[in-house]
Amino acid sequence: MQAAFVGFVQAFLPETPTQFGMVEFASTAVVRLSFTGTETTITSEINEPREEPGSQYTNWQQGLIKARDLFPNRSNPNLVIFASDGNPNRTGNDQSVSESVAVADAVTVANQ
């Protein structure tokens, strides 16, 4: 997945004025990178080592909230690229819920 994201970034930069931000989510979410158009900064953050697969939970809602929170810092936010390695099983601040509840909560945020 990291290689795919690096390829995506390289397809746009430096030829376009595209900027990228990055949010990492598991049990909760954290902004890993605010918007920038510097290819080396973006690819370095993408390639930063991550937790081992299966070691955390999945909270789509928090990932989308953090992505949306980046938008006020961007003059023209128009796209969120969302990728996950599993179905959600967390919502709110790391609350364990069924997949259907976690998906519904994420859809509510996505629709906002």
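The values are calculated or read from the model by the stated rules, or taken from the named source; none is laboratory data. Just so we're clear, the structure is a prediction, and the values are computed from it rather than from any experiment. Positions of Cβ are backbone-derived with ideal geometry, glycine not excepted, and every protein chain shown enters the neighbour counts. Just the protein is used for accessible areas: all its heavy atoms, side chains included, with ligands, DNA and RNA removed. Shrake-Rupley method; radii C 1.70, N 1.55, O 1.52, S 1.80 Å.
Accessible area per residue (1.4 Å probe, heavy atoms of protein chains only) ranks Met1, Met22 as Met1, Met22, with the largest value leading. Just the protein heavy atoms count here, and of the accessible area of the chain at 1.4 Å, carbon and sulfur take up 50 percent. Helical content of the chain, expressed as a calculated mean residue ellipticity at 222 nm, amounts to -11500 deg cm²/dmol (DSSP H runs of 4 or more residues, -39,500 (n - 2.57) each, divided by residue number, nearest 500). Can you bin region 1-60 into rounded, prolate or oblate? Criterion: square roots of the alpha carbon gyration tensor eigenvalues sorted a ≥ b ≥ c, rounded for a/c under 1.5, prolate for a/b above b/c, oblate for the rest. Judged from the Cα gyration tensor, region 1-60 comes out prolate (a/c at least 1.5, a/b above b/c). Computed over protein heavy atoms with a 1.4 angstrom probe, the accessible surface ordering of Leu64, Leu13, largest first, is Leu64, Leu13. Taking amide H atoms as placed 1.01 Å from N in the peptide plane, the amide H of Arg32 lies under 5 Å from those of Met22, Val23, Glu24, each 5 or more residues away in sequence or on another chain. Normalised by the number of residues in the chain, the average gap of Cα pairs under 8 Å and 6 or more apart makes the relative contact order 25 percent.
Once the 1.4 Å probe is applied to the protein heavy atoms, the chain comes out at 62 Å² accessible per residue. A simple rule links phi to the HN-Hα coupling: the Karplus curve 6.51 cos²θ - 1.76 cosθ + 1.60 with θ = phi - 60°, which for region 32-38 gives 8, 7, 6, 4, 8, x, 8 Hz, with x for Gly and Pro. Once all protein chains are placed together, Phe5 keeps about 70 Å² accessible to a 1.4 angstrom probe.
Counting 0.36 nm for each residue step from Ser98 to Val31 and taking away their Cα separation leaves a gain of 21.6 nm. Take the Cα of Thr38, step 7 Å toward its Cβ, do the same at Leu79, and the gap between the two points is 2.3 nm.
Per-residue surface analysis assigns Thr41 an accessible area of about 60 Å², computed on protein heavy atoms at 1.4 Å probe radius.
Computed from Cα atoms alone, the Kirkwood hydrodynamic radius reported for the chain is 14.7 Å.
Note on Glu15: accessible area is roughly 140 Å² with a 1.4 Å probe, heavy atoms of protein only.
Taking the Cα atoms only, what angle lies between the long axis of helix 99-111 and the longest principal axis of the chain, rounded to 10 degrees? So the inclination is approximately 40 degrees. If the elastic network links every pair of Cα atoms under 10 Å, which of Thr43, Thr28, Thr58 fluctuates the most in the Gaussian network model of the chain? Comparing Thr43, Thr28, Thr58 in a Gaussian network model of the chain, the most mobile one is Thr43.
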